[in-house]
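Please treat every number below as a calculation from the coordinates, not as lab data. Not measured: the values here are computed from a predicted model. Cβ: placed from backbone, ideal geometry, glycine included. Neighbour counts: every protein chain shown.
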Amino acid sequence: MIDDRIVVYRAGAFTTEPHPPWLIEIHRIANERRDWKAAVRAVLPRVTAHLVIGYDFFPLGELHADYTPCGGQYVQLSDGEAMFAEVWVPDPADWLPFSTTYIEPFMLTRATLHQADKIDRLGNALIAFARHGEGKHIDRDTGESRIDHREDWERRKREQAAERASVASNT
């Protein structure tokens, strides 16, 4: 069963209200087309903001904000795996307080996580380069050394062979 209420930000407080007609239409179209984003675009064609932090294939944070027919904003926040918040800000005067109090800290946190990931990758690449020279052996996704991965795999393989030989000699 789909919940028929939406979180609403009005005058500095959160409440829930029944779905407005435009959101009911989005759900109807989404059920027909099996495409949430296309349904939102069909009903709310004017985008206020669309911000993605992270990689195209796996965003760490995403914001979609659309104008609603009554002049407010419909906001969707996701963390890369799923949408976890949808909020309707019906009064344009509430948009700035909502944005500065809730959206900006969320996006700043996600941007900080993305930046930390990039610094980690850069550190891994520098260590791999310093240990092995050149740069062809560095994994582009993690910045880690493929030579180290291969040597770790070979070491584990030798240890497993020695363990099997030890078990075989005991039997």
Point to revise | As computed over the stretch 1-122, the Cα convex hull volume per residue (Å³) | key: 112 Å³
Exercise for review: Taking the chain as the reference, fit the longest principal axis to its C-alpha atoms, fit the long axis of helix 21-33 to the helix C-alpha atoms, and give the angle between the two in degrees, 0 to 90, nearest 10.
Suggested key: 40 degrees
Check your understanding: If Lys and Arg each add +1 and Asp and Glu each add -1, what is the summed charge of the other residues whose beta carbon sits under 15 Å from the beta carbon of residue 74?
Key -> -2
Check your understanding: Dimensions of the stretch 16-82 along principal axes (Cα, Å, largest first)?
Key -> 34, 26, 24
Review point. So what is the 222 nm mean residue ellipticity for the chain from helices alone, if each DSSP H run of at least 4 adds -39500 (n - 2.57) and you divide by all residues, rounding to the nearest 500 deg cm²/dmol?
Key: -15500 deg cm²/dmol
Check your understanding: Which value in nm describes the separation of the simple spin-label points at residue 116 and residue 37, placed 7 Å from the Cα toward the beta carbon?
Key -> 2.7 nm
Check your understanding: Say we join alpha carbon atoms closer than 10 Å with springs in a Gaussian network model of the chain; which of 79, 91, 152 then has the biggest fluctuation?
Key -> 152
Review point. Taking the chain as a Gaussian network, Cα atoms linked when under 10 Å apart, which of 34, 155, 110 shows the biggest mean-square fluctuation?
Key: 155
